[in-house]
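The next block holds one structure in the form of C-alpha cells; read it before the comments.
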Amino acid sequence: MLVLVGMLIFTTAYAQEKSNFFDAFLLGKGKSAPLQWSIDAYPFLFLSSGGGGSVGIEFNHWQAGVIGFSVAPPDYITQNFFENTDHLKVRRNNAVELFANYYLRKDRKGIYGGLIGGPEWFMMKDKLSGATETIVKSYVVPRLGLRVFPFKEYLYADASFGWSFNLSGTETRSLGKTTYNASAGGFIYFLQLGARFNLKKE
C-alpha cells in the first residue's frame, strides 16, 4: 500500500513540476515560501475507528507543530510495539506529540527529514481474564518523507517512514494472566493529506 501511494505521489509531483528530479525534489528553483500554517489528517486512522492529524507553522526550511490522534490500532501495532502479545489486545492508542521537519527546498516541497516525539497512552486488555489497564509510553521517531502539491499550492499529500524508538515502559508488566513488555521500537509509516495557508504576504 505504501509503495503504491509513493509511486502515485512521485508521478504526480514529477508531472506538476515539469522539471528534472533534482529540481522537483531536492533544491528546486522557486522562491522561498512565506510564513504559513498547515493542517492535515491521517486518512487511514479514520478506517480504524479513530482519527487524527496535525497543525503546524512553516517558515524558512522548517515546519513544526503538534500531532494528536486516537485510534483502535490494528494487530500490527500490538505485535510491532509489544512483546508476548498472544493474549494481549491494545483497545485504544491515544497520543499528543510534537514534530519538526526540515525541507531541502526553500518552498518546503519535496524531500524532508523530521522528528516526532511525545507521550502515547495505550489501553491494554488481557484476553484471558478481561483485565484492563492504561499505560503511558514515550517515543521519538526520526523519519524521512516526501510532500507534494498535486493541486497547485495549497493542498498536499505527505508520505513518510521512520523508526520508533521507545524511551520508556519496556519493563515487564503483568495484566490479569498475561505478562508482557513493550519492545524497544519498530518501523512505522505515515500518510497525511492536508492544506497550508499564508500567514504573511509573499
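The set of residues in the stretch 116-134 that are closer than 28 Å to H87 by Cβ, open to solvent by 10 Å² or more (accessible area, probe 1.4 Å) and either part of a strand (DSSP E or B) or without any contact (Cβ under 8 Å) to a residue 24 or more places away in the chain (or both) comprises P119, E120, W121, M123, K125, T132, E133, T134. For first residues located in the stretch 75-104 and aliphatic (A, V, I, L, M), partners that are assigned to a helix (DSSP H, G or I) and at pLDDT below 90 and lie 6+ apart or on another chain with Cβ distances below 7 Å form the pairs L88/T78; V90/I77; V90/T78; L104/L26. Selection over the stretch 44-60 of residues that are open to solvent by 40 Å² or more (accessible area, probe 1.4 Å) and outside any strand (DSSP E or B) gives a count of 5.
For the stretch 99-108, state whether one or more residues are more than 17 Å from G56 (Cβ to Cβ) and open to solvent by less than 20 Å² (accessible area, probe 1.4 Å). No, because not a single residue in the stretch 99-108 is more than 17 Å from G56 (Cβ to Cβ) and open to solvent by less than 20 Å² (accessible area, probe 1.4 Å). A count restricted to the stretch 138-154 and to residues that are part of a strand (DSSP E or B), surrounded by fewer than 18 Cβ atoms within 10 Å (Cβ to Cβ) and modelled with pLDDT under 95 stands at 3.
Among the residues making up the stretch 70-81, those that are modelled with pLDDT under 90 and surrounded by 13 or more Cβ atoms within 10 Å (Cβ to Cβ) are P73, P74, I77, T78, Q79, N80, F81.
Among the candidates K137, K177, the residue that is in contact with a Leu (Cβ under 8 Å, 6 or more places away or on another chain), within 26 Å of P43 (Cα to Cα), among the charged types (D, E, K, R) and in contact (Cβ under 8 Å) with a residue 12 or more places away in the chain is uniquely K137.
Taking the stated definitions as given, is L193 open to solvent by 70 Å² or more (accessible area, probe 1.4 Å), assigned to a strand (DSSP E or B) and at pLDDT 95 or above? Yes: the conditions hold for L193.
The values are calculated or read from the model by the stated rules, or taken from the named source; none is laboratory data. Since we're looking at a predicted model, the values are computed, not measured. As a convention, Cβ positions derive from the backbone with ideal geometry for all residues, glycine included, and neighbour counts pool all protein chains shown. Each accessible area value is taken on the protein alone, full model and side chains, heavy atoms only, with ligands, DNA and RNA left out. Shrake-Rupley method; radii C 1.70, N 1.55, O 1.52, S 1.80 Å.
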